[in-house]
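K.L.:
Sharing a structure below in structure tokens format, with a few things to ask.
The values are calculated or read from the model by the stated rules, or taken from the named source; none is laboratory data. Just so we're clear, the structure is a prediction, and the values are computed from it rather than from any experiment. Glycine also receives a Cβ, built like all others from the backbone with ideal geometry; neighbour counts cover every protein chain displayed. When the accessible area is computed, the model is the full protein with side chains, heavy atoms only, and any ligands, DNA or RNA have been set aside. Shrake-Rupley method; radii C 1.70, N 1.55, O 1.52, S 1.80 Å.
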Amino acid sequence: MKATLKENKEKIVSVSELNNGGVGKIFLDLQKNNSEYIILKNDRPAAVLLPLLPDAQGLPLSESPFRHAA
């Protein structure tokens, strides 16, 4: 069963909340619980924060699965 945005309101944060000290709490949650967050700007989804895959942690950018494909 897929989770809906309504069921995960605590994982939706605004840019204002991040600027007002919420960044540290969110990054701890990302690291400890592999949580995912939706970031809102002007009440619209603007970004998603995801934890790194365990295999990607500590890799040089050139070897990261997240590097920009040219």
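K.L.:
Among the residues of the stretch 39-54, is there at least one that is modelled with pLDDT under 85, over 14 Å from residue 11 (Cα atoms), open to solvent by 90 Å² or more (accessible area, probe 1.4 Å) and not in a strand (DSSP E or B)?
P.N.:
Yes, the stretch 39-54 contains a residue that is modelled with pLDDT under 85, over 14 Å from residue 11 (Cα atoms), open to solvent by 90 Å² or more (accessible area, probe 1.4 Å) and not in a strand (DSSP E or B).
K.L.:
From the list 13, 23, which one is surrounded by 14 or more Cβ atoms within 10 Å (Cβ to Cβ) and either modelled with pLDDT of 85 or more or out of contact with any His (no Cβ under 8 Å at 6 or more places or on another chain) (or both)?
P.N.:
13
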